[in-house]
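Only one structure is covered here, and it is reproduced in the block below.
The values are calculated or read from the model by the stated rules, or taken from the named source; none is laboratory data. Keep in mind it's a predicted model, so treat the numbers as computed, not measured. Neighbour counts run over all protein chains shown; Cβ positions are idealised from the backbone, glycine included.
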Amino acid sequence: MIELCLAIETSCDDTSVALVAGDGEVRGLISANQDLAHEPFGGIVPEIACRNHSVHLLPLIQDLFQKAQVDWSEVHGIAVTNRPGLVGSLIVGVVTAKTLAQTKSLPMIGVNHLEGHVVAPFLRDAQYQPSFDLSVPMVGLAVSGGHTSLYRIQGFSSYQILGATLDDAAGEAFDKFGKMLGLGFPGGARVDQWAQKGDPTAFELPRSMIRENNCLMSFSGLKASAQRLVESLGPEKIQAQRADLCASFQSAVVDVLVAKMNRAIEVTGYQHAILTGGVSANSGLRERAQSWAQKKGVQLLIPPLRYCTDNAAMIGYAGILRLKNGEHHGLDLAPSPNSWAADFTEASNV
C-alpha cells in the first residue's frame, strides 16, 4: 500500500523536498533557493546550481523528516524529477533518490517536471483545498521560465498539447525584460513588483499571434520590441518610467496568455481550467485569469504561491499517483533534458 511518498525536485536551481500523501495532502515541504548565488551573473549558472543541490539536498531531507515528525518506516515510495531540466541538477536528485530507494528498499518513480505543474493545483493542505479534482476534463495552461504550453487534460496521465510557444517561454521573456531594465535576478518577479505601480497603457507593445485562430504563442517579437524601446529611451527615462515599462510589458504577455486560454476553452468546450507554473505567481496574470474565468463561467484553479514555483510537493503527488498505479523505475533511471515522447501527445485541429 502506497500511502506516503518522499519527493525530490532539483530540475533547475531550487532544491526542494516534500512528503505527500496519496490524496495530495502535503505533509511537509521544504525548499532552498539559490537566488543570491546566481544574482551576480544575472541568470542561472548550471554548474553553480548543480553544486549547491549536492550541498543542500540531504540536510533538507533530514530537516523535512524532523519537522513532519515522520520516520522512514512510514514512507512507502520515492518520487524524483528526472525530466526535463538541467542535466547536472537532475543528476543530483536522481542519484540521491536511487541511493535512498536502494538503501531503504523502497519503490522509486521518475516524474516529468511539467506533469508536476499539472497536478500542483490539486495539492491540499490546511489552508488550501481545490474545488475540483483530476477526474474532471479541463484545459491547463502551464507557464514557467522554460515552458509555456496549453493542455487538454482528460484525467491523470492523459495530456494532449493544444498549443505552445514557438520560441521563448513567457517566464524567460519576463526575466530577459527585467535584465534589460537592470532589475536584477530573478527578473520576472521584480517586473511584477514594478508593474503593480505602473500604467499598462503607457507603452504600445505587440501581442504576437493573439488574433490567430489557434493555441500557439510567441514572445520573441515582444522581447525584441521591448529591447528596441528600452534602447530608444536611455538610462534616465528608463529610471523615471520603470513602473510603466513593466506594467506595459506585463500587460502584453498576460493578454496573449489569457486569449489563448480562452481559445482552448472554446475548442474543447470544457468548463474547467487550471493555471499553473512559476509565472502563475504573477499578480497581473492571476487577476486577469480569475476575471476572465468569472465572466466566461469557467471554474478556474490556480495553486497558492507556494505550489506555483518549482517545488517537490507537486512531484510527490504525480509520483505517488503513478506508484499507486503500479508504476516504478529501476536503478537504470536516467536524467533527461527533455520530456519523453510518451509523456504528452499532440492534439490536432486546434
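Structure data summary
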| item | result |
| --- | --- |
| Any hit, the stretch 205-214, residues being modelled with pLDDT under 95, closer than 30 Å to Gln34 by Cβ, in a loop (DSSP other than H, G, I, E, B) and in the same structural domain as Ile153 (by TED's automatic domain parsing) | no |
| Leading residue by the ranking (nearest to Glu346 (Cα to Cα)) among those in the stretch 243-285 that are charged (D, E, K, R) and surrounded by fewer than 19 Cβ atoms within 10 Å (Cβ to Cβ) | Glu266 |
| Gly221 being in contact with a helix residue (DSSP H, G or I) (Cβ under 7 Å, 6 or more places away or on another chain) and either under 26 Å from Pro304 (Cα atoms) or touching a residue at least 12 places away in the same chain (Cβ under 8 Å) (or both) | no |
| Every pair of residues 6+ apart whose Cβ atoms lie under 7 Å, when the first sits in the stretch 45-62 and is closer than 8 Å to Gly88 by Cβ while the second is of a type in the set (D, E, K, R) | Ala49/Asp13 |
| Subset of the stretch 57-83 [among the polar types (S, T, N, Q) and either touching a Lys or Arg at 6+ places or on another chain (Cβ under 8 Å) or at negative phi (or both)] | Gln62, Gln66, Ser73, Thr81, Asn82 |
| Residue in the stretch 244-265 that is in contact with a helix residue (DSSP H, G or I) (Cβ under 7 Å, 6 or more places away or on another chain), farther than 30 Å from Asn33 by Cβ and not assigned by TED's automatic domain parsing to the domain that holds Asp14 present | yes |
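Conditions (1) modelled with pLDDT of 95 or more; (2) more than 28 Å from Gly93 (Cβ to Cβ), marked per residue:
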| residue | (1), (2) |
| --- | --- |
| Gly269 | yes, yes |
| Ser280 | yes, no |
| Ser283 | yes, yes |
| Ser291 | yes, yes |
| Asn311 | yes, no |
| Tyr317 | yes, no |
| Thr345 | no, no |
